[in-house]
């Protein structure tokens, strides 16, 4: 009879616990404690929340793999060295979603755009606590606030530019747009929007929500960034028989003041301007820098021989540091390089899966 009871007990243990946890039960731990021990072994201890301090923080977008739901938003405190690759989950208790595309600081909150999940997660700046989730967006990319109450949001598939209400934290309308909307910025009284499937930069009147200009470039556009004197750095990819390059565009005169052509068709992307806007950092296989006074395409490698599958850039104007992510094989966690532009020293920082964008505050 005693043997039969033991057999039933063992079958119950096997039904509810993995093999590695059975010895805990046999040593006399109660059943609930055994379950807790197994959960701890599987999930590990909860991550400690990064201390958020103004002027010391970096928010890093880890895109994650498409349709894998492993996107993350990480936080790094540069003062304490605290690092949490998945701070969004630590602070909210839930996963971010599918493809962390970009983030924008607006009205005292972070607006994190999650592309394939079709949503924006809004978190308070001071403590990273959740405020609201805006859902039902087709395939959002980048958000640009033009006032406290209004922003524009580009989209990959919707053929429109979304209008976002900053007070209601909701989609308030849209403006028709021909194709894949990507990066955007405000200059010369207009909002300039990249179309990745066309060779034109489109200019929108933010008061009337009407398109006023479209300026052609040698190839389909890749990336834009603000330049000095109110101008815009505009990158374009190469085509058969033509090279990729970068133009310095004046939105007031609608003219290209200079254009630099590379010796390859690979597009320059991930634009980051220096504090003055006179220099532009970008990726074209390597991490490169172009200056407004350069007469030809740059040849210098900013990371001085570091190699990798470079994917994202960030510029910390406060500390004069350039951050670059190596996405490796897109499956492993990224490697992040941090270069001090004053001393020339280069350090490495852990990243997440496909780390892509860096925001300093």
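Quick look at the numbers
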{"item": "Rounded tilt (10° steps) of 2-16 against the dominant C-alpha axis of the chain", "result": "10"}
{"item": "Contact order relative to length of the stretch 52-360, as percent, for alpha carbon pairs under 8 angstrom and 6 or more apart", "result": "11"}
{"item": "The chain: angle of helix 31-43 to the longest principal axis, Cα-based, in degrees nearest 10", "result": "30"}
{"item": "Ranked by how many other beta carbons lie within 10 Å on average, peptides 268-281, 328-341 from highest", "result": "268-281, 328-341"}
{"item": "Overall form of the stretch 155-214 per C-alpha gyration tensor (a/c, 1.5; a/b vs b/c)", "result": "oblate"}
{"item": "Rounded, prolate or oblate (a/c below 1.5 giving rounded, otherwise prolate when a/b exceeds b/c) for the stretch 302-361 by Cα gyration tensor", "result": "oblate"}
{"item": "Structure-based [θ]222 nm, the chain - -39500 (n - 2.57) summed over DSSP H runs of at least 4, per residue, nearest 500", "result": "-3000 deg cm²/dmol"}
{"item": "Least to most buried among 323, 110, 83 (fewest other Cβ within 10 Å first)", "result": "83, 110, 323"}
{"item": "Global form of the stretch 52-360, assessed from the alpha-carbon gyration tensor, a/c cut-off 1.5", "result": "oblate"}
{"item": "Exposure proxy ranking, count of Cβ atoms within 10 Å, fewest first, for 348, 183, 293", "result": "293, 348, 183"}
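Taken together, the values in this text are just the output of simple stated rules run on the coordinates, not laboratory data. Here the structure is a predicted model, which is why all the values come from computation and not from measurement. Ideal geometry is used to build each Cβ from the backbone, glycine not excepted, and the neighbour counts take in all protein chains shown.
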